[in-house]
1. So how much slack lies between LEU280 and ARG106, counting 0.36 nm per residue of separation and subtracting their Cα-Cα distance, in nm?
2. Would you mind calculating the relative contact order of the chain from Cα pairs under 8 angstrom and at least 6 residues apart, reporting the percent as a whole number?
3. Sequence neighbours fewer than 8 away in the same chain don't count; with that in mind, list the lysines whose C-alpha is under 29 Å from LYS204.
4. Under the rule of -39500 (n - 2.57) per DSSP H run of 4 or more residues, summed and divided by the residues of the chain, what mean residue ellipticity at 222 nm is obtained, to the nearest 500 deg cm²/dmol?
5. First measure r as the distance between the Cβ atoms of ILE336 and ARG92, then evaluate 1/(1 + (r/R0)^6) with R0 = 30 Å and state the FRET efficiency to the nearest 0.05.
6. When you count, for each residue, the other Cβ atoms within 10 Å and take the mean per peptide, how do 129-139, 178-188 rank with the highest first?
7. Using the 4.7 Å Cβ rule, please list in number order the cysteines from the chain without any candidate partner.
8. Rounded to the nearest 0.05, what FRET efficiency is calculated for GLU143 and ARG301 with R0 set to 30 Å and r the Cβ-Cβ distance?
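Please treat every number below as a calculation from the coordinates, not as lab data. Because the structure is predicted, anything quoted here is derived from the model rather than measured. Glycine also receives a Cβ, built like all others from the backbone with ideal geometry; neighbour counts cover every protein chain displayed.
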Amino acid sequence: MPAIFKDKMLVRGIVFCLESDLPLEARSLLEDFRLAVNNAIRAGLQARVTSRNALCRLAYNDSRKEHPKMYSQHLVSAFEVAGSVLKNHRKRFRKGVTGRIPYVKRLMMKAENQAYKLDRKTGVIDLPIRAGCHVALRLVVSEYHRKYLDDTTLTLGSLTVLPNRVIVAFRKDAPKPYTPGSVMSLDTNEGSLDGVFVEGDIAKAVKADFQDVAIIQRRHHDRRRRLQKKKAHDRRTMRRLTRREGAREHHRIDHRLHQVADTVLRFAEGRRSAIVLEDLKGFKSKRSKELNRRLSMWPRRKLHQIIEYKAQWKGIPVVKVDPRNSSRTCPICRRIQDSRMGAEFACECGWHLDRHINASINLLQTAISNGMAGGLRFNPGAFQHDVMMILYEPAMAARSEPNGTSGIVGVT
Ligand SMILES: [Zn+2]
């Protein structure tokens, strides 16, 4: 079954910097908000509740007493934040990860869309602090931000205020995906997406090379190891340093993966292509305890997540198929080989091709035979062995997006 897009609300969080420092009143609101969240967390833990409404009943009166002037909608949204912290804590607890009692350390606050106003022309946010006291937050608006502010199909969701920036959630109904006129099938590997692009009678190899992601990851992994050894006598410092390393690594890899996804999607959108990907779910359970494998799978999953999400946002059809035997099957005679071979797949029938690209052809054929490729067909004989289209390569990382990043906030 192709993915169901109907009635789905998509949310995208856009980060804005502020033109000046946060006004004092807003800063103390952040502090009060954090206190309210942490109080609600404590109350929720004791009473074993996690829902916003239950927390509200439980802690509203006390919180009101403690923060008598806080705008009541902010208080309610503090319960919402507390609820999600508690839910995560409970999930970890069930998985057997026994952590400390959770609390929010970062200064932050969240306001639902009724609790603030954003003038989309001027980029000024009107944030109520308490009765009779509002502050204006001036956003730095780049061309990238303009696209979201000016797009009238987008409505505003929640606002997250941090000491030096804000995140505005933009929402829209998922657009209906277009009917594809071509198809691109991609096999996801540790350092690249390798695949085939089929348009009419022509089939060409495509590649998005992101080898540097694995290199960045390995480098940070080693550095973290060294830090852990060096600071073994001082666990607090060690933990702080490794966490900082982790955040940096995460940020760099994330940025790279977004670039890869963007170039792939731009190509697909330009050619009205459907995208075929392997379903990575199957890899999860089996050997999840092997740390190295988990490390190497993480960017691939993340990349799929980004591609799928952005594709939904743009209305690009994405099809996921079971990858079983895709790297061992001959697309011509359907023989299945006993084991994987080297870089090249070669069959007794004479067919031979780069192993990854061969796998992508099998993914495509699975999609076609399941009726998921919108009536498009593919003839392996039409494959042009001498053509390779490079969609992305590490050198392109230097040309990065203008300031402003977007993250996945969630799908509801
Ligand atoms: Zn064969």
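1. 59.3 nm
2. 22
3. Here the lysines satisfying the reach criterion relative to LYS204 are LYS176, LYS281, LYS302, LYS310, LYS314, LYS320.
4. Calculated mean residue ellipticity at 222 nm is -14000 deg cm²/dmol.
5. Plugging the Cβ-Cβ distance into 1/(1 + (r/R0)^6) gives 0.15.
6. Answer by packing, highest mean first, reads 178-188, 129-139.
7. Here CYS17, CYS56, CYS133 come out as lacking a disulfide-compatible partner, given the Cβ-Cβ threshold of under 4.7 Å.
8. Computed FRET efficiency for GLU143 and ARG301 comes out at 0.45.
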